[in-house]
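Taking it in order: structure first as structure tokens, then the write-up.
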Amino acid sequence: MMTDHLFQNDAYLRESTGKLLAQTEGDGVVLDRSQFYPTGGGQPGDAGRLSWDHGIC
């Protein structure tokens, strides 16, 4: 599985669409694309929400 890292092309992207590829233990998700910058290397990650036809998390 490979996630397209949208933040690499547009650091100010506020909205995008994507597909859920998998759910992990602990309520994590794997998406086919993400605009969220990951936590790591001492840098803070992004925060946001996921929404779909029947909910928001």
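The values are calculated or read from the model by the stated rules, or taken from the named source; none is laboratory data. What you are looking at is a predicted structure, and each value in this text was computed from that prediction instead of being measured. Positions of Cβ are backbone-derived with ideal geometry, glycine not excepted, and every protein chain shown enters the neighbour counts.
Within segment 31-57, restricting attention to residues that are more than 18 Å from ASN9 (Cβ to Cβ) and of a type in the set (D, E, K, R), the residue that is modelled with the lowest pLDDT is ASP53. Residues of segment 3-57 that are assigned to a loop (DSSP other than H, G, I, E, B) and β-branched (Val, Ile, Thr): THR3, THR17, THR24, THR39.
Residue count for segment 34-45 satisfying the condition of being among the polar types (S, T, N, Q) and surrounded by 12 or more Cβ atoms within 10 Å (Cβ to Cβ): 2. Residues of segment 1-27 that are among the basic types (Lys, Arg) and in contact with a strand residue (DSSP E or B) (Cβ under 9 Å, 6 or more places away or on another chain): LYS19 alone.
For every residue, the table says whether it meets (1) on the phi > 0 side of the Ramachandran plot; (2) in contact (Cβ under 8 Å) with a residue 24 or more places away in the chain; (3) loosely packed, with under 11 Cβ neighbours inside 10 Å; (4) not β-branched (Val, Ile, Thr).
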| position | (1), (2), (3), (4) |
| --- | --- |
| THR3 | no, yes, no, no |
| ASN9 | no, no, yes, yes |
| GLU15 | no, no, yes, yes |
| LEU20 | no, no, no, yes |
| ASP32 | no, yes, no, yes |
| ALA47 | no, no, yes, yes |
